[in-house]
2 protein chains.
Amino acid sequence: MLKNLPPRVREEEYINIDPIQRGGVLTLEARKALIVYGDGYSLCDYCFSPFRLDYIKKPNIADFIQELAEFIGMETVRIVRGARDGFRTVMNALLNKGDIVLVSSLSHYSLCLAIEASKGRWKEIPTDEKNIITPDAVAEKIEETKEKEGTLPKLVAIHHVDYQFGNLHPVREIAKVCHEYDIPFLLNGAYTVGIMPINGKEIGADFIVGSGHKSMAAPSPVGILATNEEFSKLILRSPKIEGDITGRKFGIKEVELLGCTVMGAPLIGLLASFPEVKERVKKWDEEIDKINYFTKNFLKIEGNKILSEMPRKHTLTRVDTRKSFDKIANNHKRKGYFLTDELKKRGIVGIFPGSTKIWKLNTYGLTWKQIKYLSDVFIEIAEKYGIFVEN
Amino acid sequence: MLKNLPPRVREEEYINIDPIQRGGVLTLEARKALIVYGDGYSLCDYCFSPFRLDYIKKPNIADFIQELAEFIGMETVRIVRGARDGFRTVMNALLNKGDIVLVSSLSHYSLCLAIEASKGRWKEIPTDEKNIITPDAVAEKIEETKEKEGTLPKLVAIHHVDYQFGNLHPVREIAKVCHEYDIPFLLNGAYTVGIMPINGKEIGADFIVGSGHKSMAAPSPVGILATNEEFSKLILRSPKIEGDITGRKFGIKEVELLGCTVMGAPLIGLLASFPEVKERVKKWDEEIDKINYFTKNFLKIEGNKILSEMPRKHTLTRVDTRKSFDKIANNHKRKGYFLTDELKKRGIVGIFPGSTKIWKLNTYGLTWKQIKYLSDVFIEIAEKYGIFVEN
């Protein structure tokens, strides 16, 4: 079976518009770093007292962690084993059995699982008709929880940008509402940290969780968990139990993180990509221009709809082609795969195979040339199948 | 800072005897795989319904997981984010607040932290004078716990081979004792799974935790968590909570794992190395011959001691050079670093810098030529400094 490991050439031979992959494409520096730092404990070569990942100076993980905290305007940052590991770390530290966390009705499943795994319960805040979580909806759900459960939620955890529509939510105003009730606010930055500028202090986030493999050009699994000063004590606390026979204790280790977290490939990738990531967030406006260029052209195809908020504020975009490409699919022997085929023939991959109804794409990091080509390709396919296209 | 990322050439230019690194050195296949599967979500290209990592057929993760289970003689295996993530998964599923887990007095700190993070308590089982956890000691500690706490421990978690001495513990007999008390037994195979042959069924393990980056030639962080049939239901259970607004549920996802675990580099490395790992465990006897060849020669140096059990049953070995090299260090201007220097000059790295008292080394995977050279080097250094060496 393993002799048949297929070589992966998705980024080399195609334009990849996979909704979850764009922000995790490695930089050249990360690829180079992987070649030499692939081995399991390769980052531990120069791990000296006090023996903790974030103290290592060669490679300079210590400074990197500091720079990360500054980069997103938070007090402390720790490397975690993916965003979901960051969610769990917070939930495990914060929740008692049965405690309630409010999430968005668009929240990622991994956040819900982190809450349930930590013996908490999650309740959903509904979006408005534009698929946005409003501060009012947050306040209402807090009130409802108070009334129904006789207690306030322990935490509110909302995406900066959600994974379903790629909509930008008013997180600053949401944080304000939470703080009026004295409830901490966790910002899920899986689709924003490393992609667009973000300042946790300005937002008023108590926690920020980011994803290395989703938005910071790193291999999986790696993420970051940032806290403000108030909660760093809880999250980064030392273990308390001592050995009843040996008397040993593990004072320097952080119990919620289980000590060191990511000692190799994903962290070196995150670190090697970071200088480029810091620069790329400054060009976010241009990424927005590019997706809006694409949607403008995509909407020239009769029947096409954009289900995400317009104009686009993020590159992840949900589209509806039920009244265009899906009509063709209904009469095509390859059904919905006709669109996948036509795109692939033209060098485009990454939409869910067979989709012609409601599906997602992401243009993050594509060049203007690729964006224009991508826009043309959809029009070309539409025209080939006789769908009307505006001039 | 990142411009100064030092190139890592430890495996290319040196003989590396780092105690924790030998089993994690990548195979050539793993290095090749990393180059093309570095990107964050690269393993998700062909993730179709039911959308779970261990169902993916291209690359064939589904079959790989099955083969892993057969490889170690267990019912189910899941990929986790390192051995400590495996410990936590079990503890979180099994423990209620205050529950006691018995560990070895030689246990790794990450096991203790996983218990404390899961709101449990850990108590130590003492080793005998040979630094072995005996079945009797386990039984005594169980009895002591019953008496002092009025309840049985919820779990016993013991290393197959411990990280301090590299001693092989009688885990089959320990498992038997645990089962007499109806207490489940977790085998910490961080130093054995992927290194030596192991059969969980024969041992009687309820859980086995293994480490990809420690012993399976994989990048960090990745590990495996295996269960027998009885406990697979608990560990792999589905989430129960449903969205109060959307009604959504995440039936296929496994709540304790938080859904998918390791979607990229470390898993592809584990997978690519696996055919070689399966072969290498068959050559374990030769690895034992090699470390015993080394220790025989090392003991020719007057004052040298081996603190691990003899003859060696594992390549990880703890030595005592207080009456040999440390005497030289006391009068050397570089102090203990003289030994590090002399070794490095001869192409040997990986012992903790400056160590001349009690320290560890690991010869796993070195060739006979390297083993002979390594043995000669220590003798050569001893002779250079006038330490008596037997013929």
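The table below lists the values:
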{"quantity": "Residue in region A:116-125 that is of a type in the set (S, T, N, Q), in a loop (DSSP other than H, G, I, E, B), within 24 Å of A:Ile195 (Cβ to Cβ) and under 24 Å from the mean Cα position of the chain (by Cα) present", "calculated": "no"}
{"quantity": "Within region A:145-164, tally of residues that are free of Cβ contacts under 8 Å to residues at least 12 places away in the same chain and in a loop (DSSP other than H, G, I, E, B)", "calculated": "1"}
{"quantity": "Out of A:Gly212, A:Gly264, A:Gly251, sole residue that is open to solvent by less than 10 Å² (accessible area, probe 1.4 Å) and modelled with pLDDT under 95", "calculated": "A:Gly264"}
{"quantity": "Single residue of region A:221-235 satisfying the filter (within 13 Å of chain B (Cβ to nearest Cβ) and crowded, with 19+ Cβ neighbours inside 10 Å) that is farthest from A:Glu70 (Cα to Cα)", "calculated": "A:Pro221"}
{"quantity": "Among (1) of a type in the set (D, E, K, R); (2) in contact with a Pro (Cβ under 9 Å, 6 or more places away or on another chain); (3) in a helix (DSSP H, G or I), the one test that B:Asp341 misses", "calculated": "(2)"}
{"quantity": "Region A:197-215, subset part of a strand (DSSP E or B) and β-branched (Val, Ile, Thr), residue farthest from the other protein chains (Cβ to nearest Cβ)", "calculated": "A:Ile208"}
{"quantity": "Residues (open to solvent by less than 40 Å² (accessible area, probe 1.4 Å), touching a strand residue (DSSP E or B) at 6+ places or on another chain (Cβ under 8 Å) and without any contact (Cβ under 8 Å) to a residue 40 or more places away in the chain) located in region B:236-248", "calculated": "B:Ile241, B:Gly243"}
{"quantity": "Any hit, region B:274-293, residues being in contact (Cβ under 8 Å) with a residue 12 or more places away in the chain, farther than 30 Å from B:Asn60 by Cα and more than 23 Å from the chain's Cα centre (by Cα)", "calculated": "yes"}
{"quantity": "Residue match in region B:165-187 (condition: open to solvent by 10 Å² or more (accessible area, probe 1.4 Å) and assigned to a strand (DSSP E or B))", "calculated": "yes"}
{"quantity": "Residue satisfying all of: in region B:143-153; more than 14 Å from chain A (Cβ to nearest Cβ) and not acidic (Asp, Glu); nearest to B:Ile174 (Cα to Cα) among these", "calculated": "B:Leu152"}
{"quantity": "Residue that is farthest from the other protein chains (Cβ to nearest Cβ) [pool: residues in region B:116-138 that are touching a residue at least 40 places away in the same chain (Cβ under 8 Å) and open to solvent by less than 10 Å² (accessible area, probe 1.4 Å)]", "calculated": "B:Val138"}
{"quantity": "Restricting region B:345-375 to residues that are without any contact (Cβ under 8 Å) to a residue 40 or more places away in the chain and of a type in the set (D, E, K, R), the residue that is most open to solvent (accessible area, probe 1.4 Å)", "calculated": "B:Lys369"}
{"quantity": "Condition met for B:Ala218 (assigned to a loop (DSSP other than H, G, I, E, B), surrounded by 17 or more Cβ atoms within 10 Å (Cβ to Cβ) and either modelled with pLDDT of 95 or more or of a type outside the set (Lys, Arg) (or both))", "calculated": "yes"}
{"quantity": "Candidates B:Asn96, B:Asn92, filtered to the one that is more than 25 Å from B:Pro197 (Cβ to Cβ), facing chain A (nearest Cβ under 10 Å) and open to solvent by 50 Å² or more (accessible area, probe 1.4 Å)", "calculated": "B:Asn96"}
{"quantity": "Single residue of B:Ile133, B:Ile142 found to be farther than 30 Å from A:Val262 by Cβ, in contact with a strand residue (DSSP E or B) (Cβ under 9 Å, 6 or more places away or on another chain) and not in a helix (DSSP H, G or I)", "calculated": "B:Ile133"}
{"quantity": "Count of residues meeting criterion [in contact with a strand residue (DSSP E or B) (Cβ under 9 Å, 6 or more places away or on another chain) and assigned to a loop (DSSP other than H, G, I, E, B)] in region A:261-272", "calculated": "2"}
{"quantity": "Residue count for region B:193-208, restricted to those that are open to solvent by less than 10 Å² (accessible area, probe 1.4 Å) and over 23 Å from B:Ala139 (Cβ atoms)", "calculated": "3"}
{"quantity": "Scan of region A:283-305 for residues that are outside any helix (DSSP H, G or I), open to solvent by less than 30 Å² (accessible area, probe 1.4 Å) and of a type in the set (A, V, I, L, M), ordered by number", "calculated": "A:Ile301"}
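The values are calculated or read from the model by the stated rules, or taken from the named source; none is laboratory data. Because the structure is a prediction, the values reported are computed rather than measured. Backbone-built Cβ (ideal geometry, glycine too); neighbour counts: all protein chains shown. Just so you know, the surface numbers come from the protein's heavy atoms only, side chains and all, with ligands and any DNA or RNA stripped out. Shrake-Rupley method; radii C 1.70, N 1.55, O 1.52, S 1.80 Å.
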